[in-house]
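What follows is a single structure, written as structure tokens, with notes after it.
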Amino acid sequence: MIDIREEPLYKNLKKLMFDSYSLNLISNKDEFKEEILKLYNIKDYVWLDELDFGDFKLSGSDRYIIFFVDLVKHFKFNLEDIKDKRILDIGPSSGGTSLLFLALGAKEVITVEPDCYNISRMKFLSKSFNLNLYPKQLTFEKFEDKDGFDFINCYGVFYFIKNQKMALSKMYNLLTPNGKLFLETKTNEEPGNVKSKELEQWLTNINFKFEKVYYHVRSFFIAKQKG
């Protein structure tokens, strides 16, 4: 089996991140490096996203790149469809998925993230690179928006949401007509995890239309609002 990190798409996405957030785009490189290292070097903090600025690298997880590879590999999703779209990114940790959405041409990305340190990291990167990235420090349950989203991404955080059925209904209502939900979550037998078929039924009852479902250790859905 080929290591996903050896696949051309993974390498291309990693290069896109490097080119989009190059240190060469920063006027005061030393000041940027000092501040971003302060924001990332918080003791005992986990789930940071890996970022490579060339002169230095922030260690962390590359799962946000693998997420986009999975979109293409298992769902035949066209990454060109992200261009000029308004996106809601739920619980993106330090913002890897949000940054890659923008690098792929998203019009703007709103993030909902309760952790104050992650919010500080995203706000600093947004200001430094002049991004249309708008981090909101709150839980999804408290989030409100009137304009609608073309895509909603809920990757690896759904099981943290207390009222999951209500959250799915809210996601549906936040989507524009024919907008799409990317939902990836644990659906195994561990206590507190919704089962795969049960989650499918919830989505169906809310009126989502499945484009595809992929099952592995976890479950990954793309579901479309019926416009």
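Annotations
- In region 81-113, the residues that are in contact (Cβ under 8 Å) with a residue 12 or more places away in the chain and in a helix (DSSP H, G or I): Ile82, Gly96, Thr97, Ser98, Leu99, Leu100, Phe101, Leu102, Ala103
- Residues that are over 23 Å from Phe143 (Cα atoms) and within 13 Å of the chain's Cα centre (by Cα), drawn from region 70-102: Asp70, Leu71
- Under the condition of being in a loop (DSSP other than H, G, I, E, B), in contact with a strand residue (DSSP E or B) (Cβ under 8 Å, 6 or more places away or on another chain) and not acidic (Asp, Glu), the residues counted in region 132-171 number 7.
- Number of the condition not met by Asn153 [criteria: (1) of a type in the set (S, T, N, Q); (2) within 20 Å of Asp62 (Cα to Cα); (3) loosely packed, with under 14 Cβ neighbours inside 10 Å]: (3)
- Unique match (being touching a Phe, Trp or Tyr at 6+ places or on another chain (Cβ under 9 Å) and among the charged types (D, E, K, R)) among Lys142, Lys136, Lys83: Lys136
- Candidate set from region 69-87 (those that are among the acidic types (Asp, Glu) and out of contact with any Gly (no Cβ under 7 Å at 6 or more places or on another chain)); member that is surrounded by the fewest Cβ atoms within 10 Å (Cβ to Cβ): Glu80
No value in this document is a laboratory result; all are computed from the given coordinates. What you see is a predicted model; the values in this text were computed from it and never measured. Counting neighbours? That spans all protein chains shown, and the Cβs are built from the backbone with ideal geometry, glycine included.
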